[in-house]
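Below: one structure, written as structure tokens.
Read-outs: derived from the displayed coordinates by stated rules, not from any lab. Small disclaimer: the values here were computed from a predicted structure and weren't measured. We place every Cβ from the backbone using ideal geometry, glycine too, and count neighbours over all the protein chains shown.
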């Protein structure tokens, strides 16, 4: 991991879904419906694709509504008899996801260093609020932001500008933290510094702008950002 030149940000903006929340458990809900577990990431990727397509054409869809409708279509196509029950099962699980194991300690270290922390999600702020309330992190975040209050989903530049305006922060002093290369790319193009959380050790796509720093966990990133010596 190379964090040289990253500098100390005044504001850290976190993506929520997959970056902070552990979505792996959703696979079991698809299995409960008689479907292969790999359908879960396929559904989520399709949901993001459709949200991005609507953003490009000037719309700003509600995440939960788009998620439910895309899920219903997928379940019906897969032959699930009671698609409405399936949608309820999966969406309820989505609102009760756990955090990745490294998140609590990573957030704590960043917060105690005096850096401002906020979230910026394509989903509702209620999902982030539930995550933090269940894990004792609610007081660590200055505010929870959603593109529902902006004009477009991430990775559109308008989404990041909305966060900067809401926090009265300059792009050059703000670090976007995400587990999605497309989010890293969008934030980079909007002038923010970026940090890629690569828990799975995957190869970063060369067709996207590279992150300013790549870390295996949020704890590791916090140590780089705060200048804490590695254990």
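Tabulated values for the structure
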read-out	value
Neighbour-count ranking [beta-carbon atoms within 10 angstrom, fewest first] of 15, 32, 102	32, 102, 15
Compactness relative to 2.2 N^0.38 Å, alpha carbon Rg of the range 23-94	1.08
Spatial separation of Cα centroids for the range 191-215 and the range 91-107, in angstrom	21
Residue order, fewest to most surrounding Cβ atoms within 10 angstrom, among 151, 19	151, 19
Whole-angstrom gap from the range 1-69 to the range 155-180, using each part's C-alpha centre	18
Per-selection metrics, the range 21-152 (Cα): Rg and Dmax in Å	16.3, 52
Modelled FRET efficiency - R0 35 Å, residue 10 with residue 62, Cβ distances, 0.05 increments	0.65
Packing-based order for 217-227, 176-186, using average beta carbon neighbours within 10 Å, highest first	176-186, 217-227
Entry for Cα extents along the principal axes in Å (calculated from the structure that is shown) out of (1) 45, 37, 35; (2) 54, 40, 35; (3) 39, 39, 32	(2)
Distance (nanometres) between label positions extended 7 Å along Cα→Cβ at residue 95 and residue 28	2.0
Relative contact order (percent, whole number), the chain, Cα cutoff 8 Å, 6+ residue spacing	26
Tilt relative to the chain, helix 157-167 - C-alpha long axis, 0 to 90 degrees, to 10	60
The chain: angle of helix 39-56 to the longest principal axis, Cα-based, in degrees nearest 10	70
Cα long-axis angle, helix 63-77 against the chain (0 to 90 degrees, to the nearest 10)	40
